[in-house]
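S.K.: What follows is a single structure, and I will ask about it in a moment.
The values are calculated or read from the model by the stated rules, or taken from the named source; none is laboratory data. Given the structure is predicted, the values throughout are model-derived calculations rather than measurements. Every residue, glycine among them, receives a Cβ derived from its backbone with ideal geometry; neighbour counts consider all protein chains shown. For accessibility, only protein heavy atoms count, side chains too; no ligands or nucleic acids. Shrake-Rupley method; radii C 1.70, N 1.55, O 1.52, S 1.80 Å.
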Amino acid sequence: MQKIGERLKQLRKREGYTQKQLSELLEFQGNSYSSYEYNRIKPSIEKFIKLAEILHTSVQYIVTGKELSIEFQKNVSLFPQRLRELRAKKQLTQVAVANILNIEEVTYQHYEYGAYEPKLDKLLQLAEVFDVTLDELMGRNRK
């Protein structure tokens, strides 16, 4: 199974960027982007979205390798706001979502207030709970 870093490398090469160029586009100091390709660190939600835009793909593809046939608008909703909207749409309480994720309620509250950012495994669970793509979960809006 291909890892996130391998997909990023493949996409970067397809688009004709160097690691240094992507580091600059992501506003990193030095060549920090290479840490993504070597799977040392995972991008933040903001960086996932920016990478998807730069590399002309979806966050869903970067993370899972599954292509989407959806186009997204340039405007992006803030993650905490999107999380609250999706939870309200499913008529779930913060306690219910926290229980589904097997985390403390206060941890989930921190996600909705923007104090913490969920790790990738929790993002995948949230997308499943709310029946949306990772892109939609992270605030990218369908065209």
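S.K.: What do you reckon, is residue 104 of a type in the set (Asp, Glu) and open to solvent by less than 90 Å² (accessible area, probe 1.4 Å)?
M.R.: No.
S.K.: Quick one: which of 21, 60, 109 is within 22 Å of residue 4 (Cβ to Cβ), polar (S, T, N, Q), surrounded by 13 or more Cβ atoms within 10 Å (Cβ to Cβ) and free of Cβ contacts under 8 Å to residues at least 24 places away in the same chain?
M.R.: Exactly one of 21, 60, 109 is within 22 Å of residue 4 (Cβ to Cβ), polar (S, T, N, Q), surrounded by 13 or more Cβ atoms within 10 Å (Cβ to Cβ) and free of Cβ contacts under 8 Å to residues at least 24 places away in the same chain, namely 21.
S.K.: Scan the range 32-46 for residues that are in contact with a Leu (Cβ under 9 Å, 6 or more places away or on another chain), among the charged types (D, E, K, R) and open to solvent by 30 Å² or more (accessible area, probe 1.4 Å) and report the count.
M.R.: Qualifying residue count for the region: 1.
S.K.: In the range 112-143, what residues are of a type in the set (Asp, Glu) and open to solvent by 90 Å² or more (accessible area, probe 1.4 Å)?
M.R.: Once the filter is applied, which keeps residues that are of a type in the set (Asp, Glu) and open to solvent by 90 Å² or more (accessible area, probe 1.4 Å), the range 112-143 yields 117, 128, 131.
S.K.: Of the numbered conditions (1) open to solvent by less than 50 Å² (accessible area, probe 1.4 Å); (2) in a helix (DSSP H, G or I), residue 13 satisfies every one except a single condition; which is it?
M.R.: (1)
S.K.: For residue 105, indicate whether it is among the acidic types (Asp, Glu) and over 17 Å from the mean Cα position of the chain (by Cα).
M.R.: Yes: the conditions hold for residue 105.
S.K.: In the range 72-84, which residues are assigned to a helix (DSSP H, G or I) and surrounded by fewer than 20 Cβ atoms within 10 Å (Cβ to Cβ)?
M.R.: 80, 81, 84
Quick grid of which residues meet (1) in a loop (DSSP other than H, G, I, E, B); (2) free of Cβ contacts under 8 Å to residues at least 24 places away in the same chain:
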site: 7; (1), (2): no, no
site: 29; (1), (2): yes, yes
site: 36; (1), (2): no, no
site: 51; (1), (2): no, no
site: 70; (1), (2): yes, no
site: 86; (1), (2): no, no
site: 97; (1), (2): no, no
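S.K.: Do we find a residue being under 30 Å from residue 8 (Cα atoms) and more than 17 Å from the chain's Cα centre (by Cα) anywhere in the range 59-77?
M.R.: Yes: the range 59-77 contains one or more residues that are under 30 Å from residue 8 (Cα atoms) and more than 17 Å from the chain's Cα centre (by Cα).
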